[in-house]
Amino acid sequence: MNATPSPISSPEWQVRKDLAACYRLCALKQWDDLIYTHISASVPGEPGHFLLNPFGYRFDEVCASNLVKIDARGNIVGDSPYQVNVSGFAIHGAVHAARADAMCVMHLHNTHAVAIGIQADGLLPLSQHALRFYEQIAYHDYEGLALTPTEQHRMIERLGQLPAMLLRNHGSLVCGRTIAEAYVLMDTLDKACEIQLKMNSGRGRLTMPSQEICRKTRDQLLGDGSPEGLLEWPALLRKLNAIDPSYQH
């Protein structure tokens with residue numbers, strides 16, 4: 001589990017640690033789906049190379065050294081005792097190819113997001129968490145398990161330059177300029193979906209902000225446009241280190 005590929009640059013090792021931390025944090029949130037779904041990250045200084053979890057391992061087993069380096073087609077780069085889910089990387093590979101800004105692509109089957117993606121109206125602007133994604137989330141209709149090249153094209157076209165997507169009847173997807181940003185975006189999206197689901201169980205009248213307020217709040221949350229997660233990530237790492245720092249190995 002701790003066989004370290006060689007050579008590994010210092011920037012790559014830092015990305016490996018951050019990506020492994022992201023997997024572990026997702027496991028703590030119970031966003032993992034046994035051994036399925038993935039979080040990928042670009043390798044610094046190596047265009048067209050990415051890091052992915054070893055197929056068959058749980059999210060809580062991922063560590064910096066067992067992440068697998070692959071190319072855009074899912075082929076393993078260098079020597080590795082691990083395998084990858086090439087089919088599972090299809091979504092990630094398509095997004096990475098289309099979005100130079102997407103350093104980290106996270107695709108999950110988190111329950112709250114799946115449930116909201118099933119609803120025809122999708123994510124509604126009912127909470128401050130949801131307003132982060134006001135006019136900033138895409139939708140892709142379910143077409144089955146296999147992601148064909150033609151479906152990849154449709155998915156990428158719908159995603160455009162947006163940071164998030166709900167894949168209907170399937171799961172969620174976020175693009176981050178950093179691993180920290182991807183995690184924080186997914187956390188915000190998951191909470192927004194959970195709040196809406198809890199709202200659905202009630203019977204009272206709903207209050208929804210006006211379009212003007214929705215746009216104003218979204219812009220306030222976006223701030224100066226810098227990558228999100230800068231302050232949150234060190235706090236999340238401190239939490240993870242207190243629980244289990246083995247992700248760093």
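The values are calculated or read from the model by the stated rules, or taken from the named source; none is laboratory data. Remember, it's a predicted structure, so these values are computed and weren't measured experimentally. Cβ coordinates were reconstructed from backbone atoms using ideal geometry, including for glycine residues, and neighbour counts include every protein chain displayed. The accessibility values were calculated without ligands, DNA or RNA, using every heavy atom of the protein model including side chains. Shrake-Rupley method; radii C 1.70, N 1.55, O 1.52, S 1.80 Å.
See the values below:
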read-out	value
ILE39 vs. criteria closer than 28 Å to HIS140 by Cα, open to solvent by less than 40 Å² (accessible area, probe 1.4 Å) and free of Cβ contacts under 8 Å to residues at least 24 places away in the same chain	no
Sole residue being under 26 Å from ASP18 (Cα atoms) and not hydroxyl-bearing (Ser, Thr, Tyr), chosen from ALA182, ALA138	ALA182
Residue list for the range 199-218, filter: modelled with pLDDT under 95, out of contact with any Ser or Thr (no Cβ under 9 Å at 6 or more places or on another chain) and assigned to a helix (DSSP H, G or I)	ASN200
Residue check, GLY78 surrounded by 16 or more Cβ atoms within 10 Å (Cβ to Cβ) and either of a type outside the set (S, T, N, Q) or free of Cβ contacts under 8 Å to residues at least 24 places away in the same chain (or both)	no
Single residue of LEU173, LEU197, LEU124 found to be out of contact with any Gly (no Cβ under 7 Å at 6 or more places or on another chain), under 23 Å from ASP32 (Cα atoms) and surrounded by fewer than 20 Cβ atoms within 10 Å (Cβ to Cβ)	LEU197
Filtered residues of the range 1-30 (kept if among the β-branched types (Val, Ile, Thr) and modelled with pLDDT under 95)	THR4, ILE8
Residues being in contact with a strand residue (DSSP E or B) (Cβ under 9 Å, 6 or more places away or on another chain), outside any strand (DSSP E or B) and either within 25 Å of GLU157 (Cα to Cα) or of a type outside the set (Gly, Ala, Ser) (or both) - total across the range 65-78	4
Count of residues meeting criterion [charged (D, E, K, R) and touching a residue at least 60 places away in the same chain (Cβ under 8 Å)] in the range 187-218	6
Residues that are open to solvent by less than 70 Å² (accessible area, probe 1.4 Å) and without any contact (Cβ under 8 Å) to a residue 40 or more places away in the chain, drawn from the range 141-166	GLY144, THR148, GLU151, GLY160, LEU162, PRO163, ALA164, MET165
Scan of the range 69-98 for residues that are farther than 25 Å from LEU162 by Cβ and among the small types (Gly, Ala, Ser), ordered by number	GLY78, SER80
Every residue from the range 43-68 that is farther than 25 Å from LEU145 by Cβ and open to solvent by less than 30 Å² (accessible area, probe 1.4 Å)	VAL43, CYS63, ALA64, SER65, ASN66
Qualifying residue in the range 78-90 (condition: charged (D, E, K, R) and farther than 25 Å from ALA242 by Cα)	yes
Every residue from the range 21-64 that is at positive phi and either assigned to a strand (DSSP E or B) or under 13 Å from the mean Cα position of the chain (by Cα) (or both)	THR37
First in the range 85-96 and in contact (Cβ under 8 Å) with a residue 40 or more places away in the chain and among the hydrophobic types (A, V, I, L, M, F, W, C), second anywhere and assigned to a loop (DSSP other than H, G, I, E, B) and open to solvent by less than 20 Å² (accessible area, probe 1.4 Å), Cβ under 7 Å, 6 or more apart	PHE89/GLY74; VAL95/ALA102
Matching residues in the range 160-185 - criterion: being among the hydrophobic types (A, V, I, L, M, F, W, C), in contact with a helix residue (DSSP H, G or I) (Cβ under 9 Å, 6 or more places away or on another chain) and over 16 Å from LEU230 (Cβ atoms)	ALA164, MET165, LEU166, LEU167, LEU173, VAL174, CYS175
Among (1) crowded, with 19+ Cβ neighbours inside 10 Å; (2) over 28 Å from ALA64 (Cβ atoms), the one test that GLU228 misses	(2)
